[in-house]
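Asks: Handing you a structure now.
The values are calculated or read from the model by the stated rules, or taken from the named source; none is laboratory data. Note that this is a predicted model, so its numbers are computed, not measured. Using ideal geometry, Cβ is built from the backbone for each residue, glycine included, and neighbour counts are taken over all protein chains shown. Keep in mind that these areas ignore ligands, DNA and RNA; they rest on the heavy atoms of the full protein, side chains included. Shrake-Rupley method; radii C 1.70, N 1.55, O 1.52, S 1.80 Å.
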Amino acid sequence: TKHGRPRLLLRRASTNIGWGPVTPEAAADSSSSPPSQSRLYRSLSNIGQRIYRPLTSQLALSYGGPTDDAAPSAPAWKIIGSTLKLLGLMGFWLGDNVNFLGSSGLLDDTSLSKDERARARGDLRRRAGHFAARAYFMGAVSGLYVNLREVLSHRREALRIAVERVDELEQKKKKKEEEQQQQQQQKNDREKRNSWDMKDDEDGSVEDHPSGDSLGDIDSQLTVARADLEKVKGKQFVLFLALLKSCCDVIVFSNNPGIDLHKRYRGRKMNEGFHSLCGLLSASTVLYNNFPNKVVKSAN
């Protein structure tokens, strides 16, 4: 500032993680009244609960304590990857807010001169920004690994089972239709010959009452199996979007200061157009996942 005193900027410390008031009433209350010490303490407590409660519950479920057979725990690779991703987001939140507080002058050492405070402030912002970028990059890499494993696992298990179930029922339906056509053709042939041969009657009686499910039962099972397949495909698409976002995040943050993988190994920064395109793709996946689905009203 002009007289060497820190100036507080009138904007909130950015987290970029999506935390905030969860209800319109809470949002209105936070915007209409000035923050108090007790309210700030409750906000920080809620942040701690949001961070640590899912992590501790997952770790306790996976590595200790009695478990319920009806609710199996997540695999170890998912727990470890999700934990590293959460730690990366926490580090990004910390570095980003330290960067903001340092830029506002709140963390300045008042015993230093004006020029020394300015240099210290710039050094603090640079180190906090690098720490935030590296933490988010670690979280993005961990998220990329987890999302890739989830896509491959879901494709190898749930999607494959659903596709094989539909194919099995379609083959069963096709075979049943061929049997009915063959029975109808034999019946028509007997009617044309006006045959009273006992052997033909016995063959016809066996073929007219085949064993197994009827064609209507197979159709109902096939309808349910196709609906389940559509649900599984929808989940596979959501997992693919998460994988696409992770890829874009890793590419974008690998080009940020503090990481600079392209400059370190290729000798130059990544193309800014491609950098921006990856950022837009990442943001578009978030908008798509949060866009409300159309509510289909029932006839009743």
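Asks: Ordered by residue, what ³J(HN,Hα) values in Hz, to whole numbers, does the range 84-100 give under the Karplus form 6.51 cos²θ - 1.76 cosθ + 1.60, where θ = phi - 60° and Gly and Pro are x?
Replies: Couplings: 5, 5, 5, 5, x, 5, 5, x, 5, 4, 5, x, 5, 6, 5, 4, 5 Hz.
Asks: To continue, here is another question. Quick one: order K192, K235, K173 from most to least accessible surface, probe 1.4 Å.
Replies: Descending accessible area places them as K192, K235, K173.
Asks: Which order do K176, K85, K231, K245 take when ranked by solvent-accessible area (1.4 Å probe, heavy atoms of all protein chains), largest first?
Replies: From most exposed to least exposed: K231, K85, K245, K176.
Asks: Let me ask something else. Based on the mean of other beta carbon atoms within 10 Å per residue, what is the order of 263-270, 74-81, most packed first?
Replies: 74-81, 263-270
Asks: Below 13 angstrom from the Cβ of K175, what's the summed charge of the other residues (Lys, Arg +1; Asp, Glu -1)?
Replies: -3
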